[in-house]
Structures are given as C-alpha cells and as structure tokens.
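**Q** Got a structure for you, questions after.
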Ligand code: NDP
C-alpha cells in the first residue's frame, strides 16, 4: 500500500517536505477483517490543525504516522461476516491506497442514493456541518438575511442552498468571480461578493444586505468577518464554523474586535464542531438526501486525480482552488 505520513510539523503554510511518501505490505485479513482498496479520499482544512501538537477537539496527527481522514473504498478481500467483496465502505483510515480494517471500523454505504463520492461531501461531514450549523445555531427564518464566508466551498455552498430552501436572502463571499457566478447563477444565491477584488468590504456588504444581517455563518474569520459584523441586526446569530484565514498564520492573529457589536445587537455567537451533533447524523443525512433527490440541493465536487496529488490537493484548499468539496480520486470504482 502507498501511504502518506506526516514528516514534520509545519509552521505557516505546509510544504512538500511536510509529507513523506512511503509503501508497506498489505496485511492479510484476520477473522473479522477486510482489505479495502481506496477509491476516494478527503482533504479538509481541519487537518491543518491536527498537524500541530496542540490540544483540540481531535488529537494531533502523530509524526511519521499516516495522515488520517475520511476515505471511501471497495472491499477487495473479506474475512468478515457483514462485508463482502465489492461492498463500498466509508472509513477514516486516511491517506493510503489499501488498508486492512476490522469490519467495525468502516460502514457500508448505500450506493442507490447518490454517487458514492457524495458521502465525502454533501452526505458526509461537510454537508452535515452545514445542516446543523445553519439550522440549529443559525435558526434562519423566511425573509431573513444570511451571509456566508467561504461560500463556494464544501460547507459554505451547502449552507447557502439550505438557507435558500428556508426562504432567506442569501449573500455569499468567496475569492473569485468564477465562484461568485457559480453561487448566483447556479445555486440561486441572491448576492455574491468577491473579497479579492473588493476594496471596501464593509460597504459592499451593506449594499448586498439592505436589511442588515440576521445570520452570519463564518468559515473564514479575520478582516472579512470584522466587516460583516458591522451590519448585524438585533438578535443576529453567528455560528462559528471555521476560521481558515488564520490556519496558516504564524504568530497571534489580532482581532476580531467585534465584542461591542455583539453587545449592541444582543447577538449570539456560538462555536461548534460537528461532533456536537453526533447523535443526530441520521436525521441530517436523511434530510440532505431527500433535498438532493428532489433537486433542491446540488452536490458540487472538485476532483483531483491521483494519490500522489494528495498533498497538493490539501494545499489547494488554502489557495482557494476548489469549488464545492475537494476530493482526491485514487482509483476507479
Ligand atoms: P472549503 O471547501 O470551503 O475550502 C476552503 C476554502 O476556504 C477555499 O476554497 C478558499 O475559498 C477559502 N479560503 C482559504 N484560505 C482563505 C483565506 N485566507 N481567507 C479567506 N478564504 C480562504 O473547505 P470546507 O468547506 O471543508 O471548510 C470550510 C470551513 O469550515 C473551514 O474553516 C473548516 O475548518 C470549517 N469546518 C468546520 C467544521 C466544524 O465541525 N466546525 C467541519 C468542517 C469544516 P476562497 O476562494 O473563497 O478564498
């Protein structure tokens, strides 16, 4: 099996020498085990957090160990009772082309609902994050204004689409004109702002949100978040999902200096991780699958081909190369 290990802990933007390519023998499956051939693997911004040695909601990656994360694969050899050859499964064994798993480590997926890669996107972690973060913490109601940063990404694009289903005025902020066109022309967002070619973000948000901001779903943090906070309405809700603008910063990020806005507007800002909703994943997956089936949600993925491209694909997240969920295709199903 080919593997990618964490060679060293990065400071700032990770580089090629953060990663080590290696190979090992695929272990014969003992009783209760299966051999899985990787088809797709997920690269996610939160993995940057796991590359440093600091306490968080998930433990850090260990040095010289395979980088773990969500994977979809095919069972190619089975010595287990509940899985047979040809089954498609999801697991979290990470960046390797084959893996011998206990059958309890992976879950068989239903191939009839959507393309199998959807389990790494809209029916997976990022779709569920959008669903619970927006609906449970954002509590959007019809006619309200919802602003989303990182709007063309995996989480953000689903947040905006659900907000449209709920009848909201939806404003997306993203880093290219192509992304803004995608949001407004294909996903039905009402307004989009390309932060890379907008000098005065505060004014631009004011124009896009004539009735102020009721829900601010933040994936990015930093200056963009500061600008949005200037337009909060009374009792605004702010689900804090991510702060990707800070993930590769060296040193301490100053701000956001928005406490007075929160106070003046009696707003509610709440951080969350998807794990907070672990006992409700079935509910979320069912709702997302239903909307997908009804054509109310679009599942966009950016696919990078080839296991060797995995580190670059991961870095592309911080360069804004992706629209929708970024996944790596390792082998043909
Ligand atoms: P995305 O698909 O959104 O990919 C990352 C995007 O972030 C890029 O495409 C880029 O788009 C944008 N970006 C990168 N660097 C910057 C920057 N410096 N300033 C502004 N935008 C930047 O990833 P995900 O949807 O998987 O994740 C989105 C956020 O949600 C992340 O912050 C992630 O950590 C968080 N998250 C949180 C979870 C939770 O449980 N709380 C679960 C899953 C994700 P652009 O071109 O617009 O700059």
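What follows is calculated from the coordinates using simple rules that are stated; it is not laboratory data. Predicted model, so just to flag it, every value in this text is computed and none were measured. Cβ coordinates were reconstructed from backbone atoms using ideal geometry, including for glycine residues, and neighbour counts include every protein chain displayed.
**Q** What are the residues in segment 303-322 that are near the ligand (Cβ under 8 Å from one of its atoms) and farther than 14 Å from residue 46 by Cα, if any?
**A** 319, 320, 321, 322
**Q** Among the numbered conditions (1) in a loop (DSSP other than H, G, I, E, B); (2) within 11 Å of the ligand (Cβ to nearest atom); (3) farther than 20 Å from residue 201 by Cα, tell me where residue 266 comes up short.
**A** Just one mismatch for residue 266, condition (2).
**Q** Still on this model: What single numbered condition from (1) surrounded by fewer than 17 Cβ atoms within 10 Å (Cβ to Cβ); (2) without any contact (Cβ under 8 Å) to a residue 60 or more places away in the chain; (3) within 30 Å of residue 163 (Cβ to Cβ) fails to hold for residue 57?
**A** Among (1) surrounded by fewer than 17 Cβ atoms within 10 Å (Cβ to Cβ); (2) without any contact (Cβ under 8 Å) to a residue 60 or more places away in the chain; (3) within 30 Å of residue 163 (Cβ to Cβ), residue 57 violates only (2).
**Q** For a quick check of your reading: which helices (runs of 4 or more DSSP H) sit entirely within segment 148-244 and have at least 3 residues that are farther than 21 Å from residue 262 by Cα?
**A** 154-165, 177-181
**Q** Out of curiosity, is residue 243 within 17 Å of the chain's Cα centre (by Cα) and more than 21 Å from residue 157 (Cα to Cα)?
**A** When the stated conditions are applied, residue 243 does not pass them.
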